[in-house]
Amino acid sequence: LELTQEEQFQARIDADVRIEPKDWMPDAYRKTLIRQISQHAHSELVGMLPEGNWITRAPSLKRKSILLAKVQDEAGHGLYLYSAAETLGASRDQMLADLHSGKAKYSSIFNYPTLSWADMGCVGWLVDGAAILNQVPLCRTSYGPYARAMVRVCKEESFHQRQGFEIMQTLCEGSPEQKAMAQEGLNRWWWPTLMMFGPKDSESPNTAQSMNWRIKRFTNDELRQKFVDMMVPQAEFLGLTVPDPNLKWNEAKQGYDFGDVDWEEFWNVVKGNGMCNKERLQARVQAHEEGAWVREAALAHAEKRKQREAV
Ligand code: ACO
């Protein structure tokens with residue numbers, strides 16, 4: 001019995017064999033990966049902005065250097081991911097053009113403002129915590145270059161998460177005002193963080209196929225549940241209250257029941273109408289334009305070197 005090319009491909013996926021750039025793959029697999037990896041890369045780049053906002057206002061030199069290093073890590077993650085997408089034939093110029101025109105998606109979470117220092121704690125603790133939960137399984141995603149990029153990203157992401165938790169812990173052990181600041185941050189970040197995992201499985205057009213291709217290893221709802229189960233004890237340890245009146249331990253499922261996400265808010269942010277969407281895109285476009293001279297200089301330098309080597 002002869003297997004079709006597509007059946008052979010699925011057999012390799014089912015046997016957990018990594019797909020590499022030069023291997024045959026269905027067009028739809030390539031397209032899905034370019035979509036997910038480029039959205040992921042854009043999220044890393046835009047993700048620098050909410051925290052970049054606090055670099056000049058960090059409360060100590062130590063906090064400032066940690067935050068600076070973390071924001072630089074995010075830029076690095078974006079670059080590995082664009083490179084991974086390029087191995088599939090995507091053009092970096094095109095991906096960036098799509099980000100700048102507002103055509104491409106990036107994570108909804110980065111369209112929320114960072115109003116207090118506690119937000120640096122919340123972004124590290126909650127947002128990076130959610131990112132790790134989502135990305136550790138991606139170290140086993142079926143496409144080789146994406147999986148390998150995730151290994152390093154996850155190591156750095158764990159450091160980011162610890163530093164966020166440590167900011168929260170310091171605030172929670174501080175003055176009543178500091179503790180209140182931590183609680184207020186949690187109140188604003190909790191629900192948007194739950195939205196990071198994407199729509200409910202029943203409303204997610206891409207999950208079933210991506211699970212079949214082992215691009216995704218867990219569904220959106222599975223990861224959201226894991227996140228709640230992981231975070232509630234941490235919030236209790238900090239002495240903070242998770243802002244969900246429906247949160248309740250469910251002995252039978254050995255996990256928490258929790259309230260429904262405001263999906264209208266989620267889609268509104270994804271469509272570009274969140275609190276900071278316009279500001280974020282504008283900042284990226286401006287950074288790109290202001291970096292034009294660097295790209296021109298690098299090209300001119302490469303050209304000169306080529307000419308020198310030719311003689
Ligand atoms: N913000 C913005 N858009 C989202 C979000 C979100 N939180 N969640 C889902 N979407 C979009 C999807 O991109 C998809 O849009 P598209 O079909 O136009 O491309 C649509 O909503 C429907 O969602 P799904 O069918 O569930 O899409 P998918 O299977 O791609 O799952 C998910 C979404 C879970 C985000 C997946 O793409 C993923 O795991 N990506 C890698 C991780 C990542 O990008 N993390 C970014 C934030 S973490 C960080 O950067 C620090």
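Bear in mind these aren't lab numbers, they're just calculated from the coordinates by the rules spelled out. All of these numbers come straight from a predicted model, not from anything done at the bench. All Cβ positions, glycine included, derive from the backbone under ideal geometry; neighbour counts span all protein chains shown.
What to note about this one:
- Within segment 218-235, considering residues that are within 16 Å of the ligand (Cβ to nearest atom) and among the acidic types (Asp, Glu), the one nearest to residue 265 (Cα to Cα): 221
- Count of segment 181-203 residues which are out of contact with any helix residue (DSSP H, G or I) (no Cβ under 8 Å at 6 or more places or on another chain) and assigned to a loop (DSSP other than H, G, I, E, B): 0
- Spans of helices (runs of 4 or more DSSP H) in segment 1-84 with at least 3 residues crowded, with 17+ Cβ neighbours inside 10 Å and within 16 Å of the ligand (Cβ to nearest atom): 27-46, 48-52
- Considering (1) more than 16 Å from the ligand (Cβ to nearest atom); (2) in a loop (DSSP other than H, G, I, E, B), the lone condition that residue 275 does not fulfil carries the number (1).
- Of all residues making up segment 86-144, the number that are within 13 Å of the chain's Cα centre (by Cα), near the ligand (Cβ under 10 Å from one of its atoms) and not in a helix (DSSP H, G or I): 3
- Residue under evaluation residue 155, criteria (1) in contact with a Pro (Cβ under 9 Å, 6 or more places away or on another chain); (2) within 15 Å of the ligand (Cβ to nearest atom); (3) assigned to a helix (DSSP H, G or I), criterion not met: (1)
- The one condition in (1) of a type outside the set (Val, Ile, Thr); (2) under 20 Å from residue 45 (Cβ atoms); (3) out of contact with any Pro (no Cβ under 7 Å at 6 or more places or on another chain) that residue 144 fails to fulfil: (2)
So that you can scan it fast, the table gives a plain yes or no per residue for (1) near the ligand (Cβ under 10 Å from one of its atoms); (2) touching a Ser or Thr at 6+ places or on another chain (Cβ under 6 Å); (3) within 19 Å of residue 138 (Cα to Cα):
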site: 195; (1), (2), (3): yes, yes, yes
site: 208; (1), (2), (3): yes, no, yes
site: 216; (1), (2), (3): yes, yes, yes
site: 237; (1), (2), (3): no, no, no
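- Across segment 245-276, the number of residues qualifying as exposed (fewer than 14 other Cβ atoms within 10 Å of the Cβ) and among the aliphatic types (A, V, I, L, M) comes to 2.
- Residue in segment 229-244 that is without any contact (Cβ under 8 Å) to a residue 12 or more places away in the chain, farther than 30 Å from residue 173 by Cβ and surrounded by fewer than 16 Cβ atoms within 10 Å (Cβ to Cβ) present: no
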